[in-house]
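Worksheet: the structure to be examined is printed underneath.
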Amino acid sequence: YIVIKFKMDGKILPAATLRPETVFGVTNIWVRPDGEYAIAEVDGEEWIVAPRAIEKLKDQLHHVKVKSSIKGRDLVGKHAVNPITHERIIVLPASFVDLNNATGIVMSVPAHAPYDWIALEDLKKSVDALHKEYGIDKKEVEGLKPIKLIDTPGFVDIPAAQACKQFSVNSQLDKEFLDKATNEVYKKEFHQGVLNDKAGKYKGLAVSKCKKELSQDFKKQGLASYIWELTGKVVCRCTTEAHVKILENQWFLKFSDPEWKKLARKCVDRMKFYPEEARKQFEEIIEWLEDKACARKSGLGTRLPWDPEWIVETLSDSVIYMAFYTIAKYINEHNIEPHYLKDDVFDYVFWGKGDPEKMANKGISKDLLKKMRKEFDYWYGQDMRASAKELIPNHFTFSIFHHVAVWPNEPERWPNAYTINGMQQMNGQKMSKSKGNYITIQEAINRYSADAMRITLMDSTEGMDDPDWTEKATLAWRNKLDGIYKLVKENYKKGKNSSLMDDWLISKMQQHINAITEHLENVRTKSAVTVLHLMLNDIQWYLRRTKHGKALDYAFEVFVRCLAPFTPFICEELWHDMGKKGFVSLAEWPRADREVNKEVMQLEEFVKKLFEDVNEVIKLAGKNQNLYVYAASPKELEYYQTSEEFFKKELGFRKVNIVLASKATYDPEGKAKRAKFGKPGIYVE
């Protein structure tokens, strides 16, 4: 947090904010009226802060000495001076002020903060009670107006008021809707907002880029300070609530270095991201990432080589460990002792630097060094790395920085692609041992089968959305896989002849092969599973429409190969039962190399639509003795006539008459006249 120092009667009201640019729109200060505040000397100034802030400030290298205390209600009605705009502003009461967060002093920006806007509106409605309780001038409170300082496309008037109206916020009690309104305003203003005239010399700066400049300027002028807070509540096992502590003489990774950032951006520019929208997050994080502590003094870990008093912090040394995977087998196979793995060994293996003949020793031979170098050179860098979206601001981005630092002139060693996924949920809730809503892998396999679990998870979501596993969906997939196994077993190798329906099925399979290949190449697993559903639907439609033809075997072979990445075990069994050699997992991926008959595909779609329409007519008319279909063209007539037996079997007609509309001799209701291409006339009796 940036702490803005509002001056009040020789003291400082330090308001903590994550948005220092909004200081130009402050209308008042909020304090907790029923709370107790400490008056303390902080870095030579007299601050009024929540008691919890005292320990935080001490642990963050501020010089703090508590002098006395003051009740929050005694601050209400007083006036402070905005150190940036020099405006005189009033201190008002607010029950939403959290004394455990930052300083316990909150600056109010009602134009751009929905919580502030609705709190001010609520206060104005009870201005008489406010006057009676605190003696505050009613006209002063009623005269407080939001100050718009950020121009954002889509926000015509006051952004906070517009968002509150959009999400139906009526009071401070509408917390769920207030959170949505706040998210809407902050997100739009961060990505599209620009500071206007109210920001003085900072006019025209983008909100997404101005925080650093404003913070530095305010600190240099002595108008602001800092306080660090955790992003969420963290409680130690000893039940003590944790807060941020700054260690003296700490070692940092200088992520703020412009040249290092430039290399990291270069890496991101050449990478692929699945989904692509993740790219923007990486670009933004590289921009705002600052120096990060890379060592600690307690716990397990590796001693910092140049300062053994410190231990390397986990995330600082866990981002290029994949390089070590390439040579780990040699170290294990040959039982190489750690003291033989000196810096020059790694310099040679990872950089090709040095002479293996000179660095060979009793524990590691020249030939072994060359093997390790060759192994690393063959496998590294990373083709793809996959993990959860929570790692974007840390592990993933740190890995990019470290790779370009270790191999600045070898882009081939840099990450090539990242796949970003959501966090697994179970029945709509985050999995947690404390909640007991989890299942072990072995339990899941025993209860549902590995195949059903795999395809359910891959069917649950894609991209960065959180996948939600449910037992209901898993059982449904297990039953469906049983049905698929039975379908293939009973119908494979039963086809003899060929018909237009075989052309249709082959053509549809070409479409599906292209679609599922494209989805899988872009790690869209849920979309790929949708294609599997469509494949299966088409095979089942084919079996309803016609006698078994030769195309059916082709369709099953394509389907089983496409299903294999999702459910490998049942597909291996089916592949074997189909008489195929080897493993389906090693079989060539299907290619869309068969001819596509677009005319037959169109005509079969007409038949499907005709089937649906006839079904509706039966429901409305309550009749299904005789069916008369009036085709608009000879081409349709010829194709529709191949479906006569299908309509009898599926819909129970005794007689099906399909004729050319222009030559119809029996047409009691004049349906033939209405026949169009793709939409024949229909009469049932």
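Computed from the coordinates by the stated procedures, all read-outs in this text should not be read as laboratory data. This one's a predicted model, so the numbers in the text were calculated from it and none came from an experiment. Here Cβ is always computed from backbone atoms with ideal geometry, including for glycine, and neighbour counts include all displayed protein chains.
If you wrap a convex hull around the Cα atoms of the stretch 366-474, how much volume per residue is inside, in Å³? Intermediate values should be presented prior to the final figure.
On the way: hull volume 18.5 nm³, N = 109.
Enclosed volume per residue, from the Cα hull, is 170 Å³.
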#### Entry: For the stretch 102-181: span of alpha carbons on each principal axis (Å, largest first)
41, 28, 26
### Summary
Distribution output for the stretch 598-684: share of Cα-Cα pairs per 5 Å bin in percent, first bin at 0, values 3, 16, 28, 28, 19, 5, 1, 0
### Message
Taking the 0 to 90 degree range and rounding to the nearest ten, how far is the long axis of helix 278-288 tilted relative to the main principal axis of the chain, both from C-alpha atoms?
### Response
10
### Message
How much of the DSSP bridge set in the chain is antiparallel, in percent, rounded to the nearest 5?
### Response
70
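In the stretch 272-421, what % of DSSP beta bridges are antiparallel (nearest 5)?
Values: 4 of 11 bridges.
Of the beta bridges lying entirely in the stretch 272-421, close to 35 percent run antiparallel.
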### Message
Could you tell me the ratio Rg/Rh of the stretch 204-263? Both radii from Cα atoms, Rh via Kirkwood.
### Response
1.07
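Give the order of LEU61, LEU627, LEU532 when sorted by the count of other beta carbons within 10 angstrom, beginning with the fewest. List each step's numbers first, then the result.
Working: LEU61 13, LEU627 25, LEU532 20.
So the residues, fewest neighbours to most, are LEU61, LEU532, LEU627.
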#### Entry: Under 5 Å, built H, 5+ apart or other chain: amide partners of GLU87
ASN82
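Using only Cα atoms, figure out Rg for the stretch 164-286 and give it as a multiple of 2.2 N^0.38 Å.
On the way: Rg = 19.4 Å, N = 123, 2.2 N^0.38 = 13.7 Å.
Compactness ratio reported: 1.42.
Over all directions, how big on average is the projection of the convex hull of the alpha-carbon atoms in the chain, in square nanometres? Kindly include the intermediate steps, with their values, before the conclusion.
Values: hull surface 177.3 nm².
Hull-based average projected area comes out at 44.3 nm².
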### Summary
Here the stretch 549-558 yields Karplus 3J(HN,Hα) values (6.51, -1.76, 1.60; θ = phi - 60°; whole Hz; Gly and Pro given as x) of x, 5, 5, 5, 4, 4, 5, 5, 5, 5
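Over the chain, what is the relative contact order in whole percent, taking alpha-carbon pairs under 8 Å and six or more residues apart?
Details: 1095 pairs, mean separation 52.2, N = 685.
Taking the mean separation of contacting Cα pairs over the length of the chain, I get 8 percent.
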#### Entry: Ranked list, fewest to most other Cβ atoms within 10 Å of each Cβ, for VAL684, VAL345
VAL684, VAL345
### Query
In debye, nearest 20: dipole of the stretch 244-390 around its Cα centre with unit charges on the Cβ of K, R (+) and D, E (-)?
300
### Task
Mind listing the long-range amide H neighbours of GLU46? Cut-off is under 5 Å, sequence gap 5 or more, other chains count too, H placed in the peptide plane at 1.01 Å from N.
ILE12
### Query
So what J values fall out for the stretch 651-666 if you push phi through Karplus, 6.51 cos²θ - 1.76 cosθ + 1.60 with θ = phi - 60°, rounded to Hz, Gly and Pro as x?
10, x, 6, 7, 9, 10, 10, 10, 10, 6, 4, 6, 10, 5, 9, 10
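Strictly greater than 23 Å: what percent of every Cα pair in the stretch 243-356 meets that?
On the way: 3294 of 6441 pairs.
It works out to 51 percent of all Cα pairs.
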### Value of relative contact order over the stretch 598-684, rounded to a whole percent, pairs C-alpha under 8 Å and six or more apart
38
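More than 17 Å apart: what percent of Cα pairs in the stretch 1-112 qualify? Walk me through the intermediate numbers first.
Details: 2973 of 6216 pairs.
I get 48 percent for the Cα pairs in the stretch 1-112 exceeding 17 Å.
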### Task
With just the Cα atoms of the stretch 423-589, tell me how far they stretch along each of the three principal axes, in Å, largest first.
61, 30, 29
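If each residue's Cβ is checked for other Cβ atoms within 10 Å, how do ILE118, ILE105 rank with the fewest at the top? Don't skip to the end; give the middle numbers.
Numbers: ILE118 24, ILE105 29.
Final ranking by Cβ density, sparse to dense: ILE118, ILE105.
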### Task
Return the long-range amide H neighbours of ALA293 (sequence gap of 5 or more, or a different chain), with a cut-off of under 5 Å between placed amide H atoms.
LEU253
### Message
Taking each pair of distinct Cα atoms in the stretch 2-220 once, what is the resulting Kirkwood hydrodynamic radius in Å?
### Response
17.9
### Task
Please quote Rg/Rh for the stretch 520-571 to two decimal places, taking the Kirkwood radius as Rh and restricting both calculations to Cα atoms.
1.02
### Query
Any idea what angle helix 114-125 forms with the longest principal axis of the chain, computed on alpha-carbon atoms, 0 to 90 degrees, nearest 10?
70
### Query
Restricting attention to the stretch 302-389, which trypsin sites (Lys or Arg not before Pro) occupy a DSSP loop and are surrounded by at most 13 other Cβ atoms within 10 Å?
LYS342, LYS353, LYS362
### Query
Looking at the stretch 249-312, which GluC sites (Glu not before Pro) are DSSP coil and have at most 12 other C-beta atoms within 10 Å of their C-beta?
GLU276, GLU277, GLU290, GLU309
### the stretch 272-421: projected area of the alpha-carbon convex hull, averaged over directions, in nm²
10.3
### Message
Compute the angle between helix 397-406 and the longest alpha-carbon principal axis of the chain, please, reported from 0 to 90 degrees and rounded to the nearest 10.
### Response
80
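Check each of the trypsin sites (Lys or Arg not before Pro) in the stretch 536-618 and keep only those in coil by DSSP with at most 10 other C-beta atoms within 10 angstrom; list them in order.
Details: sites: ARG544, ARG545, LYS547, LYS550, ARG561, LYS580, LYS581, ARG591, ARG594, LYS598, LYS608, LYS609; in loops: LYS547, LYS550, LYS580, LYS581, ARG591, ARG594.
For trypsin sites (Lys or Arg not before Pro) across the stretch 536-618 that sit outside H, G, I, E and B with at most 10 neighbouring Cβ atoms in 10 Å, the list reads LYS581.
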#### Entry: Mean Cα-pair separation over length for the stretch 423-589, i.e. relative contact order, pairs under 8 Å, 6 or more apart, %
25
